[in-house]
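First the structure, in the form of structure tokens, and then the observations on it.
The values are calculated or read from the model by the stated rules, or taken from the named source; none is laboratory data. Since we're looking at a predicted model, the values are computed, not measured. Positions of Cβ are backbone-derived with ideal geometry, glycine not excepted, and every protein chain shown enters the neighbour counts. Side chains included, ligands, DNA and RNA excluded: accessible areas come from the protein's heavy atoms. Shrake-Rupley method; radii C 1.70, N 1.55, O 1.52, S 1.80 Å.
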Amino acid sequence: LEQRRQREALRKTLKEGMVVRGTVTSIQKFGAFIDIGGLEGLLPISEAGWGRTGDLGDVLRVGQEVDVALMSLDWEKNRFSFSLRATLADPWARVGTVFTRGSTHTGTVARLTPFGAFVTLAEGVDGLLHISKIGQGRRINHPREVLKEGQKLAVTVEEIDLERRRLSLALVSDDAGETDAAAYVDRPPASMGTFGDLLKAGLDKKNRTG
């Protein structure tokens with residue numbers, strides 16, 4: 001009876017969008033269950049933060065008190081969902097001033113797709129390095145031929161679309177010569193062999209005369 005009375009009181013006071021304090025009761029692969037005082041709901045892993053969360057155990061622990069926003073309240077089906085991300089500052093609010101066009105940053109390759117690599121520049125801020133910008137002169141079929149997840153990269157911001165939350169990136173090259181040279185990694189110029197033979201012959205001759 002007391003629990004029902006408490007539930008009714010919560011139903012009258014709680015509204016979607018409100019921020020309330022709760023306690024983590026259990027952590028699962030798909031999310032964490034939070035008790036907000038007589039009512040338990042799910043914090044989906046996608047709502048744990050602005051960045052990608054691989055393991056909620058790295059962010060939360062059972063018994064921890066957290067402030068969460070009420071995402072949905074379905075009293076009939078007894079389903080309630082919360083968001084931790086909604087209580088945190090939106091990292092994209094700073095993108096226009098921190099990640100300006102032409103600026104250079106060190107990022108981490110987050111994931112590889114057939115059309116390019118997504119590079120994390122800050123928590124919750126990823127940019128796309130298109131496959132056409134990865135080969136450095138060489139034609140590649142998939143970014144994994146030259147990149148791997150977790151790899152650090154120096155990139156330049158080429159385009160910013162704040163409305164769609166998109167950043168277009170390009171690799172930073174030390175100098176133009178390096179970029180051109182990369183095109184010949186798999187097939188060195190034929191003249192190199194002849195030059196090598198001439199050099200070897202010259203050294204042999206020098207050794208014999210010396």
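Among residues that are open to solvent by less than 70 Å² (accessible area, probe 1.4 Å), among the charged types (D, E, K, R) and farther than 27 Å from R111 by Cβ, D35 is included. P143 meets all of the listed conditions (1) open to solvent by less than 100 Å² (accessible area, probe 1.4 Å); (2) at pLDDT 90 or above; (3) under 15 Å from F99 (Cβ atoms); (4) not aromatic (F, W, Y) but one, namely (3). Quick one: F30 ticks every box in (1) under 29 Å from R165 (Cα atoms); (2) open to solvent by 80 Å² or more (accessible area, probe 1.4 Å); (3) free of Cβ contacts under 8 Å to residues at least 12 places away in the same chain except a single one, so which number is it? That leaves (3) as the condition not met.
Within the range 147-175, the set of residues being more than 13 Å from the chain's Cα centre (by Cα), surrounded by 12 or more Cβ atoms within 10 Å (Cβ to Cβ), assigned to a strand (DSSP E or B) and of a type outside the set (A, V, I, L, M) comprises T156, E158, E159, S168. Looking across the range 73-121, the residues that are within 12 Å of the chain's Cα centre (by Cα) and touching a residue at least 40 places away in the same chain (Cβ under 8 Å) come down to G107, T108, V109, A110, V119, T120, L121.
Might you check whether a residue that is at pLDDT 90 or above, under 17 Å from R166 (Cβ atoms) and not in a strand (DSSP E or B) occurs anywhere in the range 112-127? Yes - at least one qualifying residue is present in the range 112-127. If you take the residues of the range 72-107 that are open to solvent by 40 Å² or more (accessible area, probe 1.4 Å) and of a type in the set (S, T, N, Q), which of them is nearest to A122 (Cα to Cα)? Once the filter is applied, the top-ranked residue is T106. Going through (1) under 22 Å from R164 (Cα atoms); (2) over 20 Å from the mean Cα position of the chain (by Cα) one by one, I131 falls short only on (2). When residues in the range 57-71 are screened for being modelled with pLDDT under 85 and either open to solvent by less than 50 Å² (accessible area, probe 1.4 Å) or of a type in the set (K, R) (or both), 1 of them pass.
Restricting attention to the range 128-140 and to residues that are in a loop (DSSP other than H, G, I, E, B) and in contact with a Ser or Thr (Cβ under 7 Å, 6 or more places away or on another chain), the residue that is surrounded by the fewest Cβ atoms within 10 Å (Cβ to Cβ) turns out to be G137. Scanning the range 72-86 for residues that are of a type in the set (S, T, N, Q) and at pLDDT 90 or above, we see that the one that is nearest to R164 (Cα to Cα) is S83.
Here E47 clears all of (1) surrounded by 18 or more Cβ atoms within 10 Å (Cβ to Cβ); (2) in contact (Cβ under 8 Å) with a residue 40 or more places away in the chain; (3) among the acidic types (D, E) except the condition numbered (2).
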